[in-house]
Amino acid sequence: MSSFVATITLYQTNGPGLVISRAPDDAWALDVAGDHMAGMFVRDAQAWAGGDWEPCEADHEFQVDLSDELREVATWDAEHGLRLLAEPAAMGFAARDYLGVSSEGNTNA
């Protein structure tokens, strides 16, 4: 019997926005403005995969459809941890900030 390993994916929009997803039909645009979100992607991904947190409209997050215009920038799962799928220098500021990496790829945590 195999166990399901949830993979949480972070996408970057063509603008400053971010989308977090755990399935094609469970994707949310995030409000990541402010210092309180800096470096929080891994914590949020762990909590969402574990059922302890989920995006919600009360936090100014809203459900969206995944599209080809979104670019995958990172994933997290319990087996592999954080994996960057794009070079930090190619990411927007919001993605780097939420991931806690500098444009050179150093972690800010």
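The values are calculated or read from the model by the stated rules, or taken from the named source; none is laboratory data. On a predicted model such as this, the values are computed, not experimentally measured, just so you know. No Cβ is skipped: glycine too gets one built from the backbone with ideal geometry, and neighbour counts run over all protein chains shown.
Contact annotation: residue pairs with Cβ atoms under 8 Å, 6 or more positions apart or on different chains, pairing a residue in segment 26-41 that is farther than 19 Å from residue 63 by Cβ with a partner that is surrounded by fewer than 17 Cβ atoms within 10 Å (Cβ to Cβ) and at pLDDT below 90, are 38/108; 39/107; 39/108; 39/109.
Evaluating residue 16 against the criteria (1) part of a loop (DSSP other than H, G, I, E, B); (2) without any contact (Cβ under 8 Å) to a residue 60 or more places away in the chain leaves one unmet condition, (2).
So which of 38, 23, 29 ends up being farther than 14 Å from residue 72 by Cα and not charged (D, E, K, R)? After ruling out the rest, the residue left standing is 38. Criterion applied to 29, 94, 45 was being of a type outside the set (Ser, Thr, Tyr), surrounded by 14 or more Cβ atoms within 10 Å (Cβ to Cβ) and in contact with a Lys or Arg (Cβ under 9 Å, 6 or more places away or on another chain), and the one residue passing it is 45.
Here is a check on your reading of the model: is residue 54 over 17 Å from residue 31 (Cβ atoms) and either in contact with a helix residue (DSSP H, G or I) (Cβ under 8 Å, 6 or more places away or on another chain) or charged (D, E, K, R) (or both)?
Criteria not met by residue 54.
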